[in-house]
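The values are calculated or read from the model by the stated rules, or taken from the named source; none is laboratory data. This one's a predicted model, so the numbers in the text were calculated from it and none came from an experiment. We place every Cβ from the backbone using ideal geometry, glycine too, and count neighbours over all the protein chains shown.
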């Protein structure tokens, strides 16, 4: 494989960089630069979606007929890389990278007409309800039920770890619609308005002081039958499509590249006995290790995007990228904390997202510990490391 970009791709990168620099509102850029979480500030995210939509870039990975750009996978990689390096807000991943592809692939024309435009413009944000108490990695054990009564579904049950449900407009939920067949055949997808009567959303306090994850309780919630996605009983198939659709995103490569750049800045600015930490052997060695692993992860992602023939199936590649990507996220954020030493605790307070205006300490101090604590979950959410290793043992080694 050739590990360098073509002249045409580099010209495309420069075009994107210039356009993003001109388009990002300065207030949005500043808040995103100082953000201490993996999620963007919601008002900024909505505003940025609208800006991107005018450029025709809000959903570059969607088919052209639904508002996509028609770019190659490699150019989409370049675009997202430049987005992160420019401190632009994140995509609303659940909406654009999970729910959207399910709807334009399996949804009815009426659903596509109703939901894809507002989703593309950031007018409508979505949550995804998969996990339940007792049914996390083992999705076949879910108990939330939708019963068809007089042309409508009546939904009862509970979802948990539903990211951003408290600030979302709609949710896509996988539910049990048929109890008479084996679990994998009795599941369906429903689109549910989160303002519907009978829905209660409770935010879950997190160790970093946030409460982005939620419990969603559904008590006799009425859902129109036209909100069924595709065919009843195909939820298991659709959920596998959803989780595998963007198999390189689980590496969080762009986020990690940005946070590694932050580590370089901290290491160059912080000192020990008057010597910059990036010149202290122990810290310099850790930084070199992170740089090497980041380069290896990026090349691995690019190999997948380039469609390079390999000995292993795509699901195995996705699992490898998820494992290595989440481990690298943890290593980078732990390095941030170690670089700052005792000062890393300065802003570890619930609700503190940025330094005070009169604070003399550098703006890279806030949020490092909170982020590192949150990233401890990176090897759990989106498929635990243990589950990913089980996938690899079956698909690669046949165990």
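Descriptive notes on the structure:
- Count of segment 3-39 residues which are outside any helix (DSSP H, G or I), more than 17 Å from residue 72 (Cα to Cα) and at pLDDT 85 or above: 1
- Residue that is modelled with the lowest pLDDT [pool: residues in segment 296-312 that are surrounded by fewer than 12 Cβ atoms within 10 Å (Cβ to Cβ) and within 21 Å of residue 240 (Cβ to Cβ)]: 310
- Residues that are surrounded by fewer than 17 Cβ atoms within 10 Å (Cβ to Cβ) and modelled with pLDDT of 95 or more, drawn from segment 72-107: 105
- Pairing residues of segment 27-38 that are crowded, with 18+ Cβ neighbours inside 10 Å with residues that are assigned to a loop (DSSP other than H, G, I, E, B) and at pLDDT below 60, at Cβ distances under 7 Å and at least 6 apart in sequence or on separate chains, gives 36/353.
- Residue match in segment 108-119 (condition: surrounded by fewer than 19 Cβ atoms within 10 Å (Cβ to Cβ), in a loop (DSSP other than H, G, I, E, B) and modelled with pLDDT under 95): no
- Any hit, segment 127-136, residues being out of contact with any helix residue (DSSP H, G or I) (no Cβ under 9 Å at 6 or more places or on another chain), surrounded by fewer than 21 Cβ atoms within 10 Å (Cβ to Cβ) and touching a residue at least 24 places away in the same chain (Cβ under 8 Å): yes
- Against the list (1) surrounded by 18 or more Cβ atoms within 10 Å (Cβ to Cβ); (2) at pLDDT 95 or above, the condition residue 198 fails is (1).
- Selection count, segment 253-295, where residues are crowded, with 16+ Cβ neighbours inside 10 Å and within 24 Å of the chain's Cα centre (by Cα): 13
- Scanning segment 204-219 for residues that are in contact with a strand residue (DSSP E or B) (Cβ under 6 Å, 6 or more places away or on another chain) and assigned to a strand (DSSP E or B) yields 214, 215, 216, 217, 218.
- Residue 226 being surrounded by 15 or more Cβ atoms within 10 Å (Cβ to Cβ) and either part of a strand (DSSP E or B) or touching a residue at least 24 places away in the same chain (Cβ under 8 Å) (or both): no
- Restricting attention to segment 137-155, the residues that are in a strand (DSSP E or B) and in contact with a strand residue (DSSP E or B) (Cβ under 6 Å, 6 or more places away or on another chain) total 7.
- Filter result for residue 97 (out of contact with any strand residue (DSSP E or B) (no Cβ under 9 Å at 6 or more places or on another chain) and in a helix (DSSP H, G or I)): yes
- Residue within segment 50-57 that is under 29 Å from residue 5 (Cα atoms) and modelled with pLDDT under 90 present: no
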